[in-house]
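Each remark here refers to the structure printed beneath this line.
The values are calculated or read from the model by the stated rules, or taken from the named source; none is laboratory data. Predicted model only: the values in this text are computed from it and were never measured. Cβ: placed from backbone, ideal geometry, glycine included. Neighbour counts: every protein chain shown. When the accessible area is computed, the model is the full protein with side chains, heavy atoms only, and any ligands, DNA or RNA have been set aside. Shrake-Rupley method; radii C 1.70, N 1.55, O 1.52, S 1.80 Å.
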Amino acid sequence: MKQLREKFRSFMIGRYGMDQLGQSMAWAVLLLLLLNVMIRGRLPSLLLEAFAFIGLITVYLRMFSKNISRRYQENQIFLRYRFYVTEYWKKMRFRLTEGRKYRIFKCPGCKQRVRIPRGHGRVSIHCPKCGTDFIRKSG
Ligand SMILES: [Zn+2]
């Protein structure tokens, strides 16, 4: 067992190994296989298996690749996209929670959007831009 480990270590010298992209792909493969258990039907199941297989092969090919700079670049691109996606989700979630806490009204004078906390009944709103006062229900 120790010998096998040593062999593996020397085999991995100069090879790329695991990174975030590889980990995410491994998770995706696992998810596909889980989905495959739940899905009935020959064709969708076959497609899922094919995707999982291709994914797994790619994970291993990247791990054992000796073109380290290329694999590193791939991972950087992946990290950049992942950053965009998580930032987008954060923004959407923020908007959703804000939407629950506040109501947005348009000032009848200048169309400026004014944010008012919910739950105060009828309130007089003072537009910060043009100074118009108007009454709305804050819900
Ligand atoms: Zn106004």
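Can you give me the number of residues within the stretch 120-134 that are within 14 Å of the ligand (Cβ to nearest atom) and assigned to a strand (DSSP E or B)? So the answer is 5. Taking the conditions (1) more than 16 Å from the ligand (Cβ to nearest atom); (2) out of contact with any helix residue (DSSP H, G or I) (no Cβ under 7 Å at 6 or more places or on another chain); (3) open to solvent by less than 100 Å² (accessible area, probe 1.4 Å) in turn, LEU31 satisfies each one other than (3).
Taking helices (runs of 4 or more DSSP H) as the structural unit, those lying wholly within the stretch 1-119 and holding at least 2 residues that are within 30 Å of THR132 (Cβ to Cβ) and more than 20 Å from the chain's Cα centre (by Cα) correspond to 68-101. Among residues of the stretch 51-67 being farther than 13 Å from LEU35 by Cβ and without any contact (Cβ under 8 Å) to a residue 40 or more places away in the chain, the one that is least open to solvent (accessible area, probe 1.4 Å) is VAL59.
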